[in-house]
1. Name every residue in segment 207-216 that is more than 16 Å from Ala135 (Cβ to Cβ) and surrounded by fewer than 20 Cβ atoms within 10 Å (Cβ to Cβ), in order of residue number.
2. Residues being within 16 Å of the ligand (Cβ to nearest atom), among the acidic types (Asp, Glu) and open to solvent by less than 40 Å² (accessible area, probe 1.4 Å): count how many of those fall in segment 71-116.
3. Which residues, counting only those in segment 143-174, are open to solvent by 50 Å² or more (accessible area, probe 1.4 Å), among the polar types (S, T, N, Q) and under 23 Å from Lys117 (Cα atoms)?
4. Within segment 149-158, is there a residue that is within 23 Å of Glu288 (Cα to Cα), basic (Lys, Arg) and away from the ligand (no atom under 16 Å from the Cβ)?
5. Sort through Thr64, Thr16 and tell me the only one that's closer than 30 Å to Ser601 by Cβ, at pLDDT 90 or above and open to solvent by less than 60 Å² (accessible area, probe 1.4 Å).
6. How many of the residues making up segment 229-244 are assigned to a loop (DSSP other than H, G, I, E, B) and touching a residue at least 24 places away in the same chain (Cβ under 8 Å)?
7. Name the residues in segment 440-460 that are closer than 14 Å to Thr339 by Cβ and open to solvent by 20 Å² or more (accessible area, probe 1.4 Å), would you?
8. Quick one: what pairs do we get from segment 47-65, first residue farther than 23 Å from Leu213 by Cβ, second open to solvent by 60 Å² or more (accessible area, probe 1.4 Å) and in a loop (DSSP other than H, G, I, E, B), C-beta under 6 Å, 6+ apart or different chains?
Amino acid sequence: MNKNSVLAEIKELQHTLQEHNYRYHVLDEPTISDYEYDMLLQKLRDLELAYPEAVTPDSPTQRTGSVPLEKFEKVTHPSPILSLANAFCADDIRSWYEKIAKLDPAVKTTSFIMEPKIDGLTVVIRYENGILVQAATRGDGVQGEDVTENVRTIKSVPLRIPVFVSNQVPPERLVVRGEIYIGKDDFSRLNQKLLEQGEKTYQNPRNTAAGSLRQLDPKITRERPLSILTYSIVDCSEKYPESQWSLLEYLKNLGFPVSQLSQKKENIDEVLESIEAWNTKRDLIPYEVDGVVIKINDLSLAERLGYVGKDPRGAIALKFPAREVSTILMDIKVNVGRTGVLTPFAVLEPVEIGGVIVRQATLHNFDFISEKDIRIGDRVLVKRAGDVIPYVIGPLVENRKAGSMKYVPPITCPSCGLAVEHFEGEVAWYCVNSSCPAQLTRNIEHFVSRGAMDIEGLGEKIVAQLVDAGKIADVADLYTLKKENLLDLEGFAEKKVENLLDAINQSRGKSLEKLITGLGIHGIGEVNAVALARKMKSLDGLMTSSAGDLMGIDGIGPNTAQSIQDWFEVETNRRVVKKLKQLGVWPTSFIEVDDTPQKLSGLTFVITGTLPSLSRDQAKTEIEKYGGKVVDSVSRNTDYLLVGENAGSKLQKAIDLGIKRIEEKELKSMIGEDLG
Ligand code: IVH
């Protein structure tokens, strides 16, 4: 190929990837899988490496983060970055309306926009001739800090506009304002990962987002799952839309993510009528919101209304009731994870928080308990934030009873009773006994889970039953189970045993990446497992690969390579692999990239209550048509609870487990089809 055609290919790839980014982050309608995206990005990286002159600042490869800074420079905003006045109830909104209607009667005929008040932090991003040139925090509203390099690493921030609508010319100068946040799911995944690595978990998405944006080293920011939603224009060299509603549309067309939840209301009565609905749907929103912002749609009217201090009169934030309550900490119990990490959790005197009864809450780690000096018997402050599992904020020391004692972490594993260990540089305590029943149970739960061997019917309870009864001592033992072994277990009738053995047997046909995922090697998730399966072709291949072979695979760095090698060095693990081979659980096929990605593939749903338009059977058929799975009861493996009217105990369970809840219309938008 000659140089010109390579340069043309690079340009084309840059553009294609920008478009896919836009489809994924803004439209929420990806047309290729994550894997295919990564492959294209890798190809672009390789080509740009050979032709560095083709690298542009807006190339999708340029989100890597530059060298660490010494300090943040100050940035003066083009105009003050204002705040919002707060309202706490419908009456406050009514009086706000009456006040501004008196100032300007045009208020009586304007419409209103309701937007989620995203609980993140403001960022102000400047584009010159369509290229991102600067990003700053809000600071004191007049001057902020230059966080350009950090913001460049956030995938949903366009590096160049317009991203997609190609016939649009970008304004010479455009400064947009948005909110940086971490989605609820991303936050849970981040904490799960940290937990497995024995590191400190984060308290809540907002503070984590704030801390991540203010990192001097952009490479750290890059590792955090930050997202953005934009909602206003601070400065623009051209005339821009005159209403907030069309401004949101304008931003979206340029390629900026905007909330899909925003609504237009014709008058204040419609606004007031929908307040309750916002409150109810709060938990269903995939990011944390602390209220709803009500804005005058007519932007010149809003401007004319002026300001009170730092708050514009044309908008107001209606804050949701805080979901923090105090209750008694009855006990501190300890859970043992798959990797042996011990995590403390709070057993609470049951308390209602925002319509849900909370009985347990996260205590993060033992350092947290000791830093906050949380004691059994204390009255503690507990927060329930959306889908995030409730967490203890700290004790209310003034209420402490005389004679209470400092909490002392266990020195032995609550499951097997052996001494626990602490590793240099980590906050976690571990049970290092590889045959600890709790770890074994978690290991097997992981092996049979949906992302791994997907053995239906083997829920947490049955796994625990099998381990406790000594029927299985490792994952390979699952394949040695016989009917007569199981019939003597409580609750195991003939049919149940047959179904279970059938499901176990069927899992032999799973492809290699599923088995690799199931082994539970530190740092190997579903994505890495696919790459490993493709390259190594069997477990033997993986076992005998050198660190160099492993690091040649995209996504595998030195730590992961080391962790794979460490795993295979453990004698009991080698024995399990050998047993799997002898038992014929030895896949050599691996996933082929599917050109028509199924929108719900890999997702498990549970349905509860009466849906507005679909019967449960219809909903099930639709979900399955798009590659999803519907099961009867809510467990940790459930991705979504589809909630209808008069939802029952499944809803409570989903809330307790932090499972995401959606309504029928969200399902419809997930599959992007009008189901009528
Ligand atoms: S509008 C003049 N819209 O809430 C424009 N703010 O308490 C004022 N926020 O500082 C802001 N979501 O950081 C606006 N949809 C939204 C918002 C939003 C979150 C934040 C923003 C602001 C704070 C005010």
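The values are calculated or read from the model by the stated rules, or taken from the named source; none is laboratory data. All values reported here derive from a predicted model rather than from experimental measurement. A quick note on method: Cβ atoms are made from the backbone with ideal geometry, for glycine too, and the neighbour counts reach across all protein chains shown. Remember, those area values only see protein heavy atoms, side chains included, never the ligands or the DNA or RNA. Shrake-Rupley method; radii C 1.70, N 1.55, O 1.52, S 1.80 Å.
1. Hits for segment 207-216 are Asn207, Gly211.
2. Of the residues in that region, 1 qualify.
3. Passing the criteria: only Gln143.
4. Taking segment 149-158 as the starting set, the residues that turn out to be within 23 Å of Glu288 (Cα to Cα) are 150-158.
So of that shortlist, the ones also basic (Lys, Arg) come out as 152, 155.
Still in the list and also away from the ligand (no atom under 16 Å from the Cβ): 152, 155.
Yes, some residue in segment 149-158 is within 23 Å of Glu288 (Cα to Cα), basic (Lys, Arg) and away from the ligand (no atom under 16 Å from the Cβ).
5. Only one candidate qualifies: Thr16.
6. So the count comes out to 5.
7. Scanning segment 440-460 gives Leu440, Arg442, Asn443, Glu445, His446.
8. Short answer, once both residue conditions are applied: none.
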